[in-house]
Structure formats: structure tokens, C-alpha cells
Amino acid sequence: FVTVGSGAVATVLGTTDFGPLPNEFEPNGTTLTANPASANFTAFAGDHYQMTIAGAISTTTDVDVFNIGTLQAGDILALTNSGIDSSRGTISDAILELYRNNGGSPVLVTKDDDSGPGEDSLIDRFTLTATDTYFLLATNFSTETGAYQLGAFLENTGAAPSTGGSLLTEIEGALAQLRQIVAR
């Protein structure tokens, strides 16, 4: 965090404005149709990796899901979903959720709705407890729409993540579809 006047600004250390997957593509609203971002980490320093993805919540029911690949138990993630309050987008209340595949029945691992600057999301130094495929879900609070940027900073403890990937298409679905899958 950097204190600016009476507020604070947070971003994931070392992120760039654009990486191999700079933008999400619709549709991508379920774990089955998630944008393939598993190879989009960029080496930062030593066993540290970063990723930045830009997207937009275009309707009140929009949700964007990104497959960030297989991560190991013990890996530490710092995640942000930033909008207007971090000057990284136009959405005024961004929500961020982290899921793991759990054998094809995705489960919510953690989520955040306002721990960053203003109403931006921040999951800071979250230690993974299971080796699995992980997904980031970007969504909105209530009727908020607009552009956002996801940031991920990985302190890797096991096998290095894939790097140098690129997104070809995003596939969108409804938030209700993901919640039905998770509820099974």
C-alpha cells in the first residue's frame, strides 16, 4: 500500500499494464469456459511471478472467469481486482473470488469485496492449502458495470507456473451457472 493523502493505493508489486493475456474475451462466465490464462504468469524475480489481465463487466449479471493453472499447496498469492478507486478501470465496486477445481466440482477458496483502496478488492498473501487448478472470478457488486484490471503476484514454492501464454477467446456465461456448478 502507498498512502496518498488520507487514502491508500494498492496494486500487485511489479505488474505491467499488459501481459500475454492483456484482455478478457467473452463469453467466459464458468470454469468450463474460463479464459485460458494458465500460461500468462511472467517471471518477476527468483520464484516470484506476476500477471495482469484487463476486462470489463458489461451487464449486471456478467462474470468473468480465468483459469490461472495448477498451483501448489504452500504457494502464496496476492490478488487484486481494481477499478476506479485504483485508477485501473471504471468499475466502482469490483469483487474478486478464487476457486479451485476440486476434481471438476469447483469450490470457493476465498473472496474479497472491499479490502483494497475504496471499493476495490484485495486478497493479500493468501497461502494455498491444496495443489489444484485455480480460477479467478471477477464480478461486480449489485448493478455496477465497467472496466477492471486483475493483478496476481505469485510467491511460488513448487513447480514454476507456465509463462508466455496468450488468450485467443473468452467464453461468457451467467453467474448463476457457476454458482450451480459450485453448489453441486
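The values are calculated or read from the model by the stated rules, or taken from the named source; none is laboratory data. Note that the coordinates shown come from a computational prediction; the quantities given were computed from them, not determined experimentally. Areas reflect the complete protein model, heavy atoms only, side chains present, ligands, DNA and RNA absent. Shrake-Rupley method; radii C 1.70, N 1.55, O 1.52, S 1.80 Å.
For this structure, a couple of remarks:
- The set of residues from the range 125-144 being assigned to a loop (DSSP other than H, G, I, E, B) and of a type in the set (Phe, Trp, Tyr) comprises just one member, Phe141.
- The residue that is nearest to Phe135 (Cα to Cα), among those in the range 35-59 that are of a type in the set (A, V, I, L, M) and open to solvent by 20 Å² or more (accessible area, probe 1.4 Å), is Ala39.
- Apart from one condition, Gly69 fits all of (1) at positive phi; (2) in a loop (DSSP other than H, G, I, E, B); (3) not aliphatic (A, V, I, L, M); the exception is (2).
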